[in-house]
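The values are calculated or read from the model by the stated rules, or taken from the named source; none is laboratory data. Just so we're clear, the structure is a prediction, and the values are computed from it rather than from any experiment. Virtual Cβ from ideal backbone geometry, glycine too; neighbours counted across all protein chains shown.
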Amino acid sequence: MLPVAEARARLLGALRPLPAETVTLTDALGRVLAEPLTARLTQPPFAASSMDGWAVRAADVAEVPAALRRIGEASAGHAFPGRVGPGEAVRIFTGAPLPGGADSVVMQEDAEEDGDRVLIRRSVAEGRFVRPAGHDFSAGDTLLPEGRRLTARDVALAAGANWPWLRVRRRPRVAVLATGDEIALPGEPLGPNQIVSSNALGLCAMVTALGGTALNLGVAGDRAESVAALASAAAGCDLLVTTGGASKGDYDFVGDVLGGGGLTLLFDGVAMRPGKAVKFGHAALEGAGRVPLLGLPGNPVSTGICALLFLKPALLALQGLTPGEDTVTARLGAPLRANGPNQDHLQATLAREAGGELVATPFARQDTALMSLLAKADCLILRPPHAPPAEPGDRVEILPLSGGAVSL
């Protein structure tokens, strides 16, 4: 079986970024830019006051107190039409254009108004409390690079740069198919030998969280015709993800049925625990052509961990992003036995010591059917094949269980 890193490399090598599309700015949050974002204007477009106060010539207030003559007012959206000459001042408010002739602003707290006279009590240097034109950015400046996943701050920046729409990568369309006679949908009556389907809904949620659009195909029974019929609805999707039926048992039909004589597998089994039955290739669907297929195991924890290691990078690659190494190191909070021949992924809690060190403590139980523990886990402890025993305080590599499409 392939090492995890090699399997991941084969998966990413088979995927290409999806085409670009144009969306309105209100729909841009979490999307990935397909081209750099450049400024369509200069911001601010004019020299503007950063304070409420008085627009003056710095030379006129070099010695204080200084008595000046009020000649008008400027507010945001309303410029003073004249010029400030020697001995003159204009009442000005934050964001208002700086009048011609003025070169600085005195804060209103440092002045006293009496009719058309203004007494300035504190001198200012030239340019004080003035934001020059282009202080933020100038027309043509590159503000955001291609491949940036847009945050709320980015959306605000794009709006300020006068973009009502953006070119972004199309959302990956991912079909999710659960298999197994033992599976029933949440809320349905359960037969005497059935359990509730959780994997498909969890996978759909992950697809959404990572910027894709999920299509839940439902639950296929342990019959070849059932798997084939539901899988055909994946036509037009960018990826088909199955859960269950990925092993070699008598009722595991995913490989045989979705191949249709044309299944091309880039890997079938990975040297990892849990989840070694994961597979990836291209399925030949009846009436739907060839679709990339990621086959995941059926045990809930195995499904979740395999999705983190393979589905997540697949979704990033389809959006034009380069999946990075998300792992960090932490101190071990409990002893671990020597590892076997497969890369292990242990669910663990994560805490920070008083000195700032991260401490990862694995759960005592690591059963692949325990969904409640996976929900409580903060990270996975990654143990390479044949790792020796480890003691509390030893350094270990961890994969934090966080990160999605929506960031502030």
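Within region 165-186, the only residue that satisfies the criterion of being at pLDDT below 80, of a type outside the set (D, E, K, R) and surrounded by fewer than 16 Cβ atoms within 10 Å (Cβ to Cβ) is 185.
With a requirement of 2 or more residues that are more than 24 Å from the chain's Cα centre (by Cα) and of a type outside the set (Ser, Thr, Tyr), the strands (runs of 3 or more DSSP E) lying completely within region 1-92 that satisfy it span 53-56, 66-74, 88-92.
With respect to the conditions (1) closer than 23 Å to residue 268 by Cβ; (2) at pLDDT 80 or above; (3) buried (at least 17 other Cβ atoms within 10 Å of the Cβ); (4) of a type outside the set (Phe, Trp, Tyr), residue 210 lacks only one, and its number is (1).
Inclusion of residue 268 among residues that are charged (D, E, K, R), at pLDDT 85 or above and surrounded by fewer than 21 Cβ atoms within 10 Å (Cβ to Cβ) is warranted. Pairs meeting the criteria (first residue in region 309-338 and on the phi > 0 side of the Ramachandran plot, second residue surrounded by 14 or more Cβ atoms within 10 Å (Cβ to Cβ), beta carbons under 8 Å, at least 6 apart or on different chains) are 320/17; 320/18; 320/32; 320/34; 320/146; 320/147; 320/169. Checked across region 96-119, the condition of being of a type in the set (A, V, I, L, M, F, W, C), at pLDDT 95 or above, farther than 27 Å from residue 52 by Cβ and part of a strand (DSSP E or B) holds for no residue.
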